[in-house]
Amino acid sequence: MEKIEIIVTTPEQLATIIRTTVLECLKVIAIGELQILQPKEKKLIRGIKGLANYLGISLVTAQNIKNSGKISYTQFGRIVLFDEDTLLREMAALGKPSKRQLLYKCGTNEGYKKR
């Protein structure tokens, strides 16, 4: 059988203990909610040239990929923006990983020849 320890306190001491415990719990909850509410910073790739550089492909290929409608982008006038996370997911779904992904996966750039 476990031993039970009884602590004798005054009502003021008990109120202080409860208040302190509740405040600590509220702080933990508030910090957790703030972290949930803070949006992740999105990395955006700007323009066809930026897309080509990011994926390690030619400008023409980058333009063709954009025009095919297989990847999502946002356009404001002449400015085209690509979300990095979405782009990588969509390229992987197409079965066309970028050179950047392959280099990261392999840890080397061997096997790539300039055309």
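Any residue in the range 84-95 that's surrounded by 12 or more Cβ atoms within 10 Å (Cβ to Cβ): show its pairings with residues that are assigned to a helix (DSSP H, G or I) and at pLDDT below 85 at Cβ separation under 7 Å, as long as the two are six or more apart or on different chains.
From the range 84-95, the pairs are L88/Q101.
From (1) modelled with pLDDT under 80; (2) surrounded by 10 or more Cβ atoms within 10 Å (Cβ to Cβ), pick out the condition that doesn't hold for K43.
(1)
Go through (1) aliphatic (A, V, I, L, M); (2) at pLDDT below 80; (3) in contact with a helix residue (DSSP H, G or I) (Cβ under 9 Å, 6 or more places away or on another chain) and name the single condition A30 misses.
(3)
The values are calculated or read from the model by the stated rules, or taken from the named source; none is laboratory data. As the structure is a computational prediction, the values presented were derived from the model and not from experiment. Note that we place each Cβ from the backbone using ideal geometry, even for glycine, and neighbour counts take in every protein chain shown.
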